[in-house]
Amino acid sequence: MKTNKGIVFFVGAGPGDPDLITVKGLKCIQVADVIVYDRLANPELLNAARKDAEFIYCGKQPNHHSIQQEQINEIIVSKALEGKTVTRLKGGDPCVFGRVGEEAEKLDQQGICFEIVPGITAGIAAPAYAGIPVTHRNVASTFAMVTGHLCNDNTISPDKWKALATGIDTVAFYMGMGNISNICNQLIHYGRNPDTPVAIVSWGTTEDQRTIISSLNTIEKTLQEQHISSPAIILVGEVVHLRERLSWFAENS
């Protein structure tokens, strides 16, 4: 049985453009006593909060976490147990590599009510802003999202690499820039055509968005020539060619 303590809203802030947050997500920001927000949640969204709302930054950068996950869990639980309305604001969608399962489980253990408010995930939005639909009736009917943090030699099984290489038309890798060499090598090793196009979209949907296009066997060289920073989505598949006709969003050069 849940308690009559506070409530926690796990809200997807969207991929970066503040206009892409959902109506319900915006309402959760507006009613919150406490907003616990991540690095990839656009800070402009905090302007919609009450003037007396408490802001707690829990951002994580590659290889550097300002607050460990267990501490974040404790913050959310303690604020809710004080009877407060807490909005946990996460970049993208909270259920797509957002650890919402871990955090919500802690609330359930304490009998704290919560709701999950989906958001637009970067694996779809960043390619869309780059003029690349992740599916297309004539090109791609299957789509997968993979965390690049696990893309090393030992954590993804050969069967899964084989499926990603030959069974999925379009694959989006999140948080994979540090492992891009291994990602491309594994896909080629397990049967993907080395000439398969690759798009890397950095800071998708924001004014800092940049996109570079290459292929599995040349992307490393391209990255050496054109610096691009995280956060970035790595998109693999023939749909990348559609950018030539569908590019619509003005990017930084």
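Data overview
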| quantity | calculated |
| --- | --- |
| Residues located in the stretch 82-119, provided they are within 10 Å of the chain's Cα centre (by Cα) and surrounded by fewer than 23 Cβ atoms within 10 Å (Cβ to Cβ) | Cys95, Val96, Phe97, Gly98 |
| Pair list, Cβ under 8 Å, 6 or more apart: the stretch 105-116 residue among the aliphatic types (A, V, I, L, M), other residue in a helix (DSSP H, G or I) | Leu107/Ile76; Leu107/Val77; Leu107/Ala80; Ile112/Val77; Ile112/Ala80; Ile112/Leu81; Ile116/Val100; Ile116/Ala104 |
| Residue in the stretch 228-235 that is assigned to a loop (DSSP other than H, G, I, E, B), buried (at least 17 other Cβ atoms within 10 Å of the Cβ) and of a type outside the set (A, V, I, L, M) present | yes |
| Verdict on Val139 being under 16 Å from Arg192 (Cβ atoms), surrounded by 22 or more Cβ atoms within 10 Å (Cβ to Cβ) and aliphatic (A, V, I, L, M) | no |
| Within the stretch 195-212, considering residues that are crowded, with 19+ Cβ neighbours inside 10 Å and of a type in the set (A, V, I, L, M, F, W, C), the one farthest from Thr170 (Cα to Cα) | Trp203 |
| Residue list for the stretch 206-252, filter: over 21 Å from the mean Cα position of the chain (by Cα), within 20 Å of Ile188 (Cβ to Cβ) and among the small types (Gly, Ala, Ser) | Ser214, Ser215 |
| Filter result for Thr155 (farther than 18 Å from Ile213 by Cα, loosely packed, with under 15 Cβ neighbours inside 10 Å and among the polar types (S, T, N, Q)) | yes |
| Check on Ala140, under 26 Å from Asp19 (Cα atoms), at pLDDT 95 or above, among the hydrophobic types (A, V, I, L, M, F, W, C) and in contact with a Gly (Cβ under 8 Å, 6 or more places away or on another chain) | no |
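The values are calculated or read from the model by the stated rules, or taken from the named source; none is laboratory data. Only a predicted model underlies this, so the values are computations on that prediction, with no experimental measurement involved. Don't worry about glycine lacking a Cβ; one is built from the backbone with ideal geometry, like all the others, and counts go over all protein chains shown.
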